[in-house]
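This report refers to the structure that appears directly beneath it.
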Amino acid sequence: MKTRVMMLRLLMVFALAVVTVGAVGVRGSGMALAQDNMSCAGEPIGGDAAAASPEAGASPTAGMDMGMGSPMAGMEMGTPAAGGGGDLNIAFLPKDVVNPYFGTAAQGGQGAAAELGGQFQQVGPQTSNAAEQVTYIQTLTQQQVGAIAVSANDPNALAQSLKDAMAQGIKVVSFDSDVAPDARQIFVNQANAEQIGRIEVQIMGRLLNCQGEIAILSAASTMTNQNTWISFMEDELSKPGYENMTLVETAYGDDDPQISYDKTVELLTAYPDLKGIISPTTVGITAAAQALEAEGRGGDVQLTGLGTPNQMRAYVKSGTVKEFALWNPADLGYLAYYAATRLITGEITGAEGETFEAGRLGSYTVGANGEVLLGPPFIFNAENIDQFDF
Ligand code: RAM
């Protein structure tokens, strides 16, 4: 196991080196920035994340075959192991069960369940709907599951039902998109929100040589994770150096492929001089890439944001997307499952400073406000994308 972890670390060091070198190669547009790894504000792209040496648990597992992350509505697995594993009855409740991102996260949770002899189920709405998530929370509470791991469509709309679940002894972990902090014990965050927000603007600045009109194509206007990232995007854009990059609109595609596609076309029509779109959602960026290509604007309007390598691969090869960021959703689900089990067994309560082991990802410490951080975001591009399969 140790050797495997070491090998993964080495692979990631290699992959990061490729990112650094590759970032020069992917531009290739004749626009020359003095330093390709510096933002328009003159800071290192990725901030501390770029400088940090990757930890095994903090980085996408290169070469890992996670499949396409197929939808897993109603998926159940895991026979409780004799001798206590039966208490590890953990339900994942993603924003929706159609998005492949959550299918991949579920695979991670399922893998953790298999290692721990716990039970895994994933339930959730077909579209990203907070009211339906509340109904699922109520049902899971009646079923007396051990823990609920939820990615929230709305931080406040889910709060009361989660508090009711906690009052009945059910542990609550939010992952990916947080709920109100008093409605869960732990938030498993995929990466530092500030780094995620800033890195997307920094990449866009690199692609546009710090000039031009840009738009954001987000998910739903209530979603905790996207809203937090967008606030850091706006802050990054307010720094000296971005004076010639103007955010003209933030549009919402609701993490629905068709709405996201239509919003992209609307943006192209409304802003004829639009030079770039940042989409901090795997659903949005995929739909935007399709729309740009269908409208014959691929490579003309730059597109970046957060995407999965498998969904972005074709668009990276065609040049519509040159760089984008993410983490490994399977690692996120795996860590969320482990955090939930540690709460169930009483090893942790969600208090700052507690530490716990999370299998192949290693050791984690609970930070302020019950936050557990998976690791830094990672930049994918033409040079490295084929090393990833999720
Ligand atoms: C979508 C979802 C998810 C987000 C990713 C980046 O799949 O909105 O919550 O973390 O994009």
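The values are calculated or read from the model by the stated rules, or taken from the named source; none is laboratory data. Treat the numbers as computed from the prediction; the structure is a model and nothing was measured. Reconstructed Cβ throughout: ideal geometry from the backbone, glycine too, with neighbour counts over all protein chains shown.
Based on this model, can you work out whether Leu268 counts as away from the ligand (no atom under 15 Å from the Cβ) and crowded, with 17+ Cβ neighbours inside 10 Å? Give the steps one after another, and end with the answer.
Working: away from the ligand (no atom under 15 Å from the Cβ): yes; crowded, with 17+ Cβ neighbours inside 10 Å: yes.
Spelling it out, Leu268 is indeed away from the ligand (no atom under 15 Å from the Cβ) and crowded, with 17+ Cβ neighbours inside 10 Å.
Any residue that is outside any helix (DSSP H, G or I), in contact with a helix residue (DSSP H, G or I) (Cβ under 6 Å, 6 or more places away or on another chain) and free of Cβ contacts under 8 Å to residues at least 60 places away in the same chain - is there at least one of those in region 130-142?
Among the residues of region 130-142, not one is outside any helix (DSSP H, G or I), in contact with a helix residue (DSSP H, G or I) (Cβ under 6 Å, 6 or more places away or on another chain) and free of Cβ contacts under 8 Å to residues at least 60 places away in the same chain, which makes the answer no.
Taking region 124-164 on its own, how many of its residues are under 14 Å from Asn89 (Cα atoms) and among the small types (Gly, Ala, Ser)?
Number of matching residues: 3.
I'd like the full set of residues that are surrounded by fewer than 19 Cβ atoms within 10 Å (Cβ to Cβ) and either within 16 Å of the ligand (Cβ to nearest atom) or of a type in the set (Val, Ile, Thr) (or both), limited to region 271-309.
Listed by number, the list holds a single entry, Gln290.
Which of the residues spanning region 192-214 are within 20 Å of the chain's Cα centre (by Cα) and either surrounded by fewer than 23 Cβ atoms within 10 Å (Cβ to Cβ) or of a type in the set (Asp, Glu) (or both)?
Initially, region 192-214 is screened for residues within 20 Å of the chain's Cα centre (by Cα), giving 192-204.
Residues satisfying the conditions are Asn192, Ala193, Glu194, Gln195, Glu200.
For region 221-239: of the residues being out of contact with any strand residue (DSSP E or B) (no Cβ under 6 Å at 6 or more places or on another chain) and hydroxyl-bearing (Ser, Thr, Tyr), which is farthest from the ligand (Cβ to nearest atom)?
Ser238
Can you report the number of residues in region 351-390 which are among the small types (Gly, Ala, Ser) and assigned to a helix (DSSP H, G or I)? Before the answer, list the steps.
So the first thing to find is which residues in region 351-390 are among the small types (Gly, Ala, Ser), and the list is 351, 353, 358-359, 362-363, 367-368, 370, 375, 382.
Filter again for assigned to a helix (DSSP H, G or I), leaving 359, 368, 370.
Count: 3.
Conditions: (1) touching a Leu at 6+ places or on another chain (Cβ under 7 Å); (2) surrounded by fewer than 24 Cβ atoms within 10 Å (Cβ to Cβ); (3) not acidic (Asp, Glu). Ala220 meets all but one. Number of the miss?
Against the list (1) touching a Leu at 6+ places or on another chain (Cβ under 7 Å); (2) surrounded by fewer than 24 Cβ atoms within 10 Å (Cβ to Cβ); (3) not acidic (Asp, Glu), Ala220 comes up short only on (1).
Condition (residue is at pLDDT below 95 and hydrophobic (A, V, I, L, M, F, W, C)) applied to region 88-106: is it met by at least one residue? Step through it out loud before you land on a result.
Residues of region 88-106 at pLDDT below 95: none.
Checked region 88-106: no residue is at pLDDT below 95 and hydrophobic (A, V, I, L, M, F, W, C).
Can you tell me how many residues in region 323-350 are closer than 21 Å to Tyr101 by Cβ and assigned to a loop (DSSP other than H, G, I, E, B)?
So the first thing to find is which residues in region 323-350 are closer than 21 Å to Tyr101 by Cβ, and the list is 323-340.
Next, from what is left, pick out any that are assigned to a loop (DSSP other than H, G, I, E, B): 327-328.
Within region 323-350, residues that are closer than 21 Å to Tyr101 by Cβ and assigned to a loop (DSSP other than H, G, I, E, B) number 2.
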